[in-house]
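Undergrad: Have a look at this one.
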Amino acid sequence: MKEIVVPELAESITEGTVAEWLVSKGDKVEKGDPVVELETDKVNVEVNSDFSGVIAEVLVEEGDDVEVGDVIAKVDENGEASGSDDSDDSSDKEEKKEEPKKEEKSEAKEESPQTDEEGESDNQADQPVASPATRKRARELGIDLSEIKPKDPVGRISKEDVEAAASAKADSGKKSSKKEEKSAEKTEFDKPVVREKMSRRRQTIAKRLVEAQHTAAMLTTFNEVDMTNMMKVRSERKEAFQEKHGVKLGFMSFFTKAVVGALKEFPLVNAEIQGDEVVKKQFYDIGVAVSTEEGLVVPVVRDADRLSFAGIESEIGELAKKARDGKLGLKDLQGGSFTITNGGIFGSLLSTPILNTPQVGILGMHKIEKRPKVMPDDSIEVRPMMYIAMSYDHRIIDGREAVQFLDRVKQMIEDPYDLLLEG
């Protein structure tokens, strides 16, 4: 009998939830066949069988949480698909029916005096083999020796086997106590409510957002951007841009280019803290927050400093489509150095974005709204304005750097011609 275990999924992902079993008990599988789909913190992954045979046991149900290394099913390499067992059983029954009844009675009479002795020997054979010291330790820990599978090929149970069984029992006790604690936290209502279990992804989002606020000294600074020139450039070039590159010229490419330029001037914003070290990244992988039905995900635009405006727009469009279709891979979500989120597409006028840890900076874009603005000559004009916000980790980024970083982004957005020439 071979075991199917939860494999190493990816760095930092140690557990998942059984989303859907792709096979059932009795199904035949080949080596490499997908048997179950797991929902992880970031994406759904399929677990394949490492063996060919028949699914003998399914040990976890859909909705159960599992960890890397957990046994989730067993495969009988010599088994046959369901259906053959029934025919074997029926043939055995027929053979038994054909046996003469007289012989059964005579055999029973001959064997009856020996049954007690045989029963005693069978009981002795079934007794687990263990030393007195091991038996004593099992009694102390409340472990039933008959439930232990010894590692010794001869079948002798050791103290280590007992200790391992006690540890496994304690772990299962902790899991059940956690479930009890969760159920105890439930509030009963007098009026009708609907309870729905949070998806693993939503649970992870909630956990990480709380962790970000607990582990980082998070602060937010604000500014506003006059979008007049950018909107003019976009209006002038969007048709030619789409004809040439096959993608629309949006705002995200401008902001991505502006962020990369500002990160080069303020490298601490492109860093992270590891223990007592500050790691300054020499690459510019920009995360772009995308909202999906299952929650917010942040796919990463790799080497954004090396991409053209068209390259950035194309990459963002492809990643957004994959996110909406649920086809993002783990590689699409790992290793970003800074994040941009755009709440403006939903109508947000102002917000304080939460850090995507371990990153130490995130830029929030917002709704473009016409507002009166005092010009350099003291005249007042109605201009399309956008509030931008930058949340940062005050542990390594001082207020001066954060304010200057955001102001540099503002300058480049308000002078997109210069940004186009440099970019």
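Undergrad: Confirm whether ALA320 is hydrophobic (A, V, I, L, M, F, W, C), surrounded by fewer than 21 Cβ atoms within 10 Å (Cβ to Cβ) and part of a helix (DSSP H, G or I).
TA: When the stated conditions are applied, ALA320 passes them.
Undergrad: Here's something else I'd like to know. Touching a helix residue (DSSP H, G or I) at 6+ places or on another chain (Cβ under 6 Å) and modelled with pLDDT of 90 or more, is that true of ALA304?
TA: So ALA304 passes the test.
Undergrad: Please go through the stretch 293-317 and give me each residue that is among the charged types (D, E, K, R) and over 21 Å from the mean Cα position of the chain (by Cα), ordered by number.
TA: ASP303, ASP305, ARG306, GLU313, GLU315
Undergrad: Which numbered condition trips up LYS97, out of (1) modelled with pLDDT of 50 or more; (2) assigned to a helix (DSSP H, G or I)?
TA: (1)
Undergrad: Applying the selection to the stretch 251-284, what residues are in contact with a helix residue (DSSP H, G or I) (Cβ under 7 Å, 6 or more places away or on another chain) and part of a loop (DSSP other than H, G, I, E, B)?
TA: PHE266, LYS281, TYR284 - these are the residues of the stretch 251-284 that are in contact with a helix residue (DSSP H, G or I) (Cβ under 7 Å, 6 or more places away or on another chain) and part of a loop (DSSP other than H, G, I, E, B).
Residue-wise test of (1) within 19 Å of LEU330 (Cβ to Cβ); (2) modelled with pLDDT of 90 or more; (3) among the aromatic types (Phe, Trp, Tyr).
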position	(1), (2), (3)
GLU30	no, no, no
PHE51	no, no, yes
GLU57	no, no, no
GLU61	no, no, no
GLY69	yes, no, no
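Undergrad: Does VAL5 satisfy the criteria of being surrounded by 19 or more Cβ atoms within 10 Å (Cβ to Cβ) and either at pLDDT below 90 or closer than 26 Å to ASP171 by Cα (or both)?
TA: For VAL5, the condition - surrounded by 19 or more Cβ atoms within 10 Å (Cβ to Cβ) and either at pLDDT below 90 or closer than 26 Å to ASP171 by Cα (or both) - is not met.
Undergrad: Give me the pairs: first residue in the stretch 194-216 and within 15 Å of ALA19 (Cα to Cα), second residue among the hydroxyl-bearing types (Ser, Thr, Tyr) and modelled with pLDDT of 85 or more, beta-carbon distance under 6 Å, and six or more apart or on different chains, which are they?
TA: Pairs that qualify, where the first residue is within 15 Å of ALA19 (Cα to Cα) and the partner is among the hydroxyl-bearing types (Ser, Thr, Tyr) and modelled with pLDDT of 85 or more, are ARG200/THR17.
Undergrad: Same structure, new question: What residue, of PHE255, PHE241, PHE309, PHE251, is modelled with pLDDT of 95 or more and either surrounded by fewer than 17 Cβ atoms within 10 Å (Cβ to Cβ) or closer than 24 Å to ASP415 by Cα (or both)?
TA: Every option except PHE255 fails the conditions.
Undergrad: Against the conditions (1) of a type outside the set (A, V, I, L, M, F, W, C); (2) at pLDDT 95 or above; (3) farther than 17 Å from GLN411 by Cα, where does SER291 fall short? Just the number, please.
TA: (2)
Undergrad: Residue pairs, Cβ under 9 Å, 6 or more apart or interchain, first in the stretch 343-358 and assigned by TED's automatic domain parsing to the domain that holds GLU224 and at positive phi, second outside any helix (DSSP H, G or I) and charged (D, E, K, R). List them.
TA: Taking only residues 6 or more apart or on different chains, the pairs are GLY347/LYS367.
Undergrad: Moving on to the next point. Looking at the stretch 268-285, is at least one residue assigned by TED's automatic domain parsing to the domain that holds LYS331, over 22 Å from the mean Cα position of the chain (by Cα), touching a residue at least 40 places away in the same chain (Cβ under 8 Å) and closer than 25 Å to LEU349 by Cα?
TA: The answer is yes, given that some residue of the stretch 268-285 is assigned by TED's automatic domain parsing to the domain that holds LYS331, over 22 Å from the mean Cα position of the chain (by Cα), touching a residue at least 40 places away in the same chain (Cβ under 8 Å) and closer than 25 Å to LEU349 by Cα.
The values are calculated or read from the model by the stated rules, or taken from the named source; none is laboratory data. All figures in this text were calculated on a predicted structure; none of them were measured in a lab. Ideal geometry is used to build each Cβ from the backbone, glycine not excepted, and the neighbour counts take in all protein chains shown.
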